[in-house]
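K.L.:
Okay, here's the structure, questions in a sec.
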Amino acid sequence: MDIPTGMQRFQRWALNPWTVLACVLAGGALGWAAPAFSRNLGIVGVVYVDLLKMIVLPFMISAVIFSLQNLYRDGGAGRIVKSVVIVFVAISVVTAVLAAAGSLLFRPGSDLPQETLAALGNIVSIDANQTNTDMSLRTPEEPPKAMTLQDILHSLIPSNIFASLANGETLKALVFALLFGFAVGQVPTRMSTGLNHALETIYVACETLTHWINLPVPFILICMTASQIAETGLEPLKAMAGFVAAFLVICAILLALAVTLIGRRADVPLKTVVAAMREPFALGVATNNSATCMPAMVSGLVNKLNFARSRVELLVPLSISLLRMGPVAYYICGTLFIAALYGRPISALDVGLLMLVSIMLGFASAGMAGIVTISLIGTTCSYLGLPFEAAFLLFAAVDPVCAMARTAVTVIAGCAAVSVICPRPVQL
């Protein structure tokens, strides 16, 4: 797709990380200064995210089936499955270890000043003179149910693919696309040529739509941030500043490692990697939905870093659905924050169990966002015998900030995993 030079310059400016940060700060200032007006801007973000979600499933299904069919015929699918398992497990473990080490080092939630405890108490509707160990809601909610093997299998296998597509169940659609792609790989070429052309047409059309929808990103960022700050205010951010700061630092470390890994695999300078990852990073921050970043991830890895398109188009949906590094880090940080808040000592065995459960929950959280993602911290807390109901509102209050970092880590870490599995690009 040929884009005028002026349009390219505008897109580079709109998706520049500094532009994204400036728009977030401007939106926060607007939401704080004019909350009544800013609440009405929330509809802009809702429409924008819905437009991107509209593209996700057709893009993912067409890319996976088309790419897997070609790889299967070339004899490369079996090797890729082995590489995917090894790389995804290794990156998950590294992320969990770094998140646990960072949380234990910074220890957010421990030794909080009395005024901070009072602010936290006000958020969960308790008397400000009570200690953090007595926090409780007016109407306690049941803790989220722990995930069982049956629940995980049910979240994977679609009983009705059309119902899964209608409900936006990304993981079930991915399982269908994988199985269907393997099956189409068995069909003779003379019979599957028409399907190949149709899938390629759908893929290119979705990519074009994504570019169009992403043009007003700066304006959309301002509207979304303003509406979120208008709803929650700045007080929760002040009270939870320690947790938010620790989580953002951990996310920054993970992002730096992912960018460095991509640069080594592509054998290009870091500034080239940053330029290539600019669009998926900005989309992740703007939408808080990693699935909507898939077209931008493919474009950055293929068009700007020269990785093989057939491999990238297959691996990007897999990484987004299965390699949920942002949520994994969030579950670990959130659980250790609650443990420190309630003065619960944590042993090495507890940390190991927490990392294992968080990695499993990261896999199970595919397609989840917002409050649903937060509620899964209750599962990790239940394994360590920690109360979660009172702290739920605290996490919900600061989630607009944490969700941006969660999504950015998931997207860029996914790109790093794809770069490791793909052959190194040939530099001309």
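K.L.:
Net charge within 14 Å of Thr407 by Cβ-Cβ distance, Lys/Arg positive one each and Asp/Glu negative one each, not counting Thr407 itself? Spell out each step's value before the answer.
P.N.:
Values: positive: Lys53, Arg324, Arg406; negative: Glu279, Asp399.
Around Thr407, the surrounding residues sum to +1.
K.L.:
Something else now. From the protein chains alone at 1.4 Å, what is the descending order of accessible area for Phe162, Phe243, largest first? Walk me through the intermediate numbers first.
P.N.:
On the way: Phe162 155, Phe243 5 Å².
Result of the area sort, largest leading: Phe162, Phe243.
K.L.:
Let me ask something else. Return the distance in nm (one decimal) between the two label points of a simple spin-label model at Arg107 and Phe10, each offset 7 Å from Cα along Cα→Cβ.
P.N.:
Here the modelled spin labels are 5.3 nm apart.
K.L.:
How large is ³J(HN,Hα), in whole Hz, for each residue of region 307-324 in order, when computed from phi with the Karplus curve 6.51 cos²θ - 1.76 cosθ + 1.60 and θ = phi - 60°, using x for Gly and Pro?
P.N.:
So the Karplus estimates, Gly and Pro as x, are 6, 5, 4, 4, 6, 4, 5, 7, 7, 4, x, 4, 5, 5, 7, 10, 9, 9 Hz.
K.L.:
Determine the gain in length on full extension of the stretch Val249-Arg264; use 0.36 nm per residue of separation and subtract their C-alpha separation, reporting nm with one decimal.
P.N.:
Values: separation 15, 0.36 × 15 = 5.40 nm, distance 2.28 nm.
3.1 nm is the gain from fully extending Val249 to Arg264.
K.L.:
Find how much the distance from Leu51 to Val94 grows on full extension, using 0.36 nm per residue of separation minus their present alpha carbon separation; answer in nm with one decimal. The partial results should precede the final answer.
P.N.:
On the way: separation 43, 0.36 × 43 = 15.48 nm, distance 3.42 nm.
Here the segment from Leu51 to Val94 would lengthen by 12.1 nm.
K.L.:
Report the Stokes-Einstein translational diffusion coefficient (µm² s⁻¹, integer) for region 227-368, Rh taken as the Kirkwood radius over Cα pairs, at 25 °C with viscosity 0.890 mPa s.
P.N.:
On the way: Rh = 17.2 Å.
Translational diffusion coefficient: 143 µm²/s.
K.L.:
Quote to one decimal, in nm, the extra length available between Phe180 and Thr201 on full extension: 0.36 nm per residue of separation minus the C-alpha distance between them.
P.N.:
On the way: separation 21, 0.36 × 21 = 7.56 nm, distance 1.82 nm.
Stretched fully, the Phe180-Thr201 segment lengthens by 5.7 nm.
K.L.:
Let's test the formula: R0 of 22 Å, r as the Cβ-Cβ distance of Arg190 and Arg309. What FRET efficiency results, to the nearest 0.05?
P.N.:
Working: r = 24 Å, r/R0 = 1.09.
That gives a FRET efficiency of 0.40.
K.L.:
From Cα coordinates alone, what are the radius of gyration and Dmax values for region 156-222 in angstrom?
P.N.:
For region 156-222, the Cα radius of gyration and maximum Cα-Cα distance read 16.2, 51 Å.
K.L.:
In a shell of Cβ-Cβ distance under 14 Å around Tyr203, excluding Tyr203 itself, what net charge do Lys and Arg (+1) and Asp and Glu (-1) give?
P.N.:
Values: positive: Arg309; negative: Glu200, Glu207, Glu313.
Summing Lys/Arg as +1 and Asp/Glu as -1 gives -2.
The values are calculated or read from the model by the stated rules, or taken from the named source; none is laboratory data. Keep in mind that this is a model prediction, so the values were computed, not measured. FYI the Cβ positions are ideal-geometry reconstructions off the backbone, even for glycines, and counts take in every protein chain you see. To get the accessible areas, we keep the full protein, side chains included, count just its heavy atoms, and leave off ligands, DNA and RNA. Shrake-Rupley method; radii C 1.70, N 1.55, O 1.52, S 1.80 Å.
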